[in-house]
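The values are calculated or read from the model by the stated rules, or taken from the named source; none is laboratory data. Predicted model, so just to flag it, every value in this text is computed and none were measured. Here the Cβ positions follow ideal geometry from the backbone for every residue, glycine too, while neighbour counts run over all protein chains shown. For the accessible areas, the whole protein counts, side chains as well, though only heavy atoms, and no ligand, DNA or RNA atoms are used. Shrake-Rupley method; radii C 1.70, N 1.55, O 1.52, S 1.80 Å.
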Number of protein chains: 2
Amino acid sequence: MNITMEIAISKTNKYASRESGDTAEIVERPGGGMSVILADGQGSGRAAKSLSMQVTAKVAALLKEGVRDGAAARAANDFLYAARHGQVSATLDILSVDLKTNTVAITRNGDTACIIETPSGIRTYREAERRLGLHGRTRPWTAEEPIVPGLRVLLVSDGIVNAGLRTHLKPWDLEELAAFVSPDRDANALADGILDEAVRRDSGRPGDDMSVVALILREPQPAPLLIRRMSAEVPIS
Amino acid sequence: MNITMEIAISKTNKYASRESGDTAEIVERPGGGMSVILADGQGSGRAAKSLSMQVTAKVAALLKEGVRDGAAARAANDFLYAARHGQVSATLDILSVDLKTNTVAITRNGDTACIIETPSGIRTYREAERRLGLHGRTRPWTAEEPIVPGLRVLLVSDGIVNAGLRTHLKPWDLEELAAFVSPDRDANALADGILDEAVRRDSGRPGDDMSVVALILREPQPAPLLIRRMSAEVPIS
């Protein structure tokens, strides 16, 4: 079975805030496949950013050694709890396309919402397990889906779901958000489209950091060669 | 000064070969900025892939701890030399946009060619320092350029520069290759354009693995918000 996986991450900061506290990373898995790691550190500014980078670095290093996602999330919790004595927390999401198990695995700690579209329908999840770093025995929320064309997964941060609250819109219904997932959009267009709409709901001034991760598995365009692509576009100021 | 950095990596495998021996990774730097890490393991198949993943993982972990690029390359050499007793080699390229030093730094071991376009002209480099893993005191080739809009850097693997040799074209002149760098192309279009042309020179059947890394620093489009994007598109079969 030939499948193309598309992963896209689009992020913006809270309005007028220079630094966001979250870090996203895409890594290759040693058994084949890719993982997206998304962490958001407690607080704001440089300390939060440094914290989220430590968490993603720890998880990336473990995944690259072949450690399972759930074990990596537990390890990140224990590492943070031991180093910071339960005083500091972070959220963590791991979204993996795992060619060893032939599944898409989602592993979540914190308040990122999750939308999973499979051939049998759409499921949405607002709650996950508690944040990392506060307790000794924190474990992750997990879900696993077989790799099939048409599978789509979205992870959206608090700032996306709550967009519009300040302007007295009602919170973004996840089903409504899932309606953005149209089959002909690629992952980049999907992530950008959701981010744009969230910014619009906040009247152009995001009330919070906003992150969207989109994963799409699709049947590839017929092409003579398999091309792999990675890219990043980052404003620096 | 507002600048947008665009990083794009496009790769394809040697014709009819399922697995390439190279690994590319994009990581955030703790002091601000991003780095691309590209490694190619000696040999082919799973062993070469595993080797290149070990090298990029080692370098990524060090960069995320704030280690300088040159020191990370030396460490990767020493690690490989110690673990594999000088029997196995890998190439390594690190391309960094470093906001702490306000420079773009290029660090190379191996046979990847390099094209640097600055406001004062284009420079091309075919040779770098020797590959990692074979000797105890290997050091990297390095170059450093100030961060300015208009800076463009290309890294292209052996398979790109030698495309067409089998069909008796002359090797691709780096100046000619640099002519692909037109100011209005974004990094994705640039990397894809060079890969396409290399594949065409090999009559649609790449004689070797092919990788292109493109970095462009540009003045951003006027936009109300700073959006960060990362993406990956990977065929799985």
Output row for A:His85: copy-to-copy label distances, label 7 Å along Cα→C-beta, ascending, in nanometres, one decimal, is 4.8
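Specify whether the C-alpha gyration tensor of the stretch A:83-171 places it in the rounded, prolate or oblate class, a ≥ b ≥ c being the square roots of the eigenvalues: rounded for a/c under 1.5, otherwise prolate if a/b is larger than b/c and oblate if not. It would help to have the intermediate numbers written out before the result.
Details: a/c = 2.93, a/b = 1.16, b/c = 2.53.
Judged from the Cα gyration tensor, the stretch A:83-171 comes out oblate (a/c at least 1.5, b/c at or above a/b).
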Non-local residues with an amide H under 5 Å from the amide H of B:Asp208, with H modelled 1.01 Å from N and Pro and chain starts lacking one, are B:Tyr15
Sequence order, the stretch B:156-170: Karplus ³J(HN,Hα) from phi using 6.51 cos²θ - 1.76 cosθ + 1.60, θ = phi - 60°, Hz rounded, Gly and Pro as x, gives 10, 6, 2, x, 7, 5, 8, 4, x, 4, 4, 8, 6, 6, 7
The answer for A:Trp172, listing residues at least 5 apart or on another chain whose modeled amide H is closer than 5 Å to its amide H, is A:Ala163
Expressed as a whole-number percentage, the relative contact order of the stretch A:1-140 with C-alpha contacts under 8 angstrom and at least six residues apart is 21 percent
Heavy-atom accessible area of the protein assembly as shown with neighbours in place, 1.4 angstrom probe: carbon+sulfur share in percent works out to 48 percent
Net charge near A:Arg137 (other residues with Cβ under 14 Å of its Cβ; Lys, Arg +1; Asp, Glu -1) is +2
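Give the range of the longest stretch in chain B that excludes all trypsin sites (Lys or Arg not before Pro) found in loop regions by DSSP and having at most 14 other beta-carbon atoms within 10 Å.
Working: sites that count: B:Arg18, B:Lys100, B:Arg126, B:Arg137, B:Arg166.
With a cap of 14 other Cβ atoms within 10 Å, the longest stretch comes to B:19-99.
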Inter-part gap, Cα centre of the stretch B:188-234 to Cα centre of the stretch A:29-89, in whole angstrom, is 29 Å
Under the Karplus relation with 6.51, -1.76 and 1.60 and θ = phi - 60°, whole-Hz ³J(HN,Hα) for the stretch A:17-30, x at Gly and Pro, equal 10, 6, 10, 9, x, 10, 9, 10, 9, 10, 10, 7, 8, x
Looks like the stretch A:86-237, by Cα gyration tensor root eigenvalues a ≥ b ≥ c and the a/c under 1.5 rounded cutoff (else prolate when a/b is bigger than b/c, oblate otherwise), is oblate
Summing -39500 (n - 2.57) over every DSSP H run of at least 4 residues in chain A and dividing by its residue count gives a helix-only mean residue ellipticity at 222 nm, to the nearest 500 deg cm²/dmol, of -8000 deg cm²/dmol
homo-copy label distances at B:His135 (7 angstrom along Cα-Cβ), nm, one dp, ascending, are 5.7
Counting only DSSP loop positions in the stretch B:117-164, the GluC sites (Glu not before Pro) whose Cβ has at most 15 other Cβ atoms within 10 Å are B:Glu127
Distances in nm between the label point of B:Ser50 (7 Å along Cα→Cβ) and its equivalents in the other copies, shortest first, are 3.8
Diffing the stretch A:144-155: the Karplus 3J(HN,Hα) column from phi (6.51, -1.76, 1.60, θ = phi - 60°), in whole Hz with x for Gly and Pro, holds 9, 10, x, 6, 9, x, x, 5, 9, 10, 10, 10
Non-local residues with an amide H under 5 Å from the amide H of A:Arg131, with H modelled 1.01 Å from N and Pro and chain starts lacking one, are A:Gly110
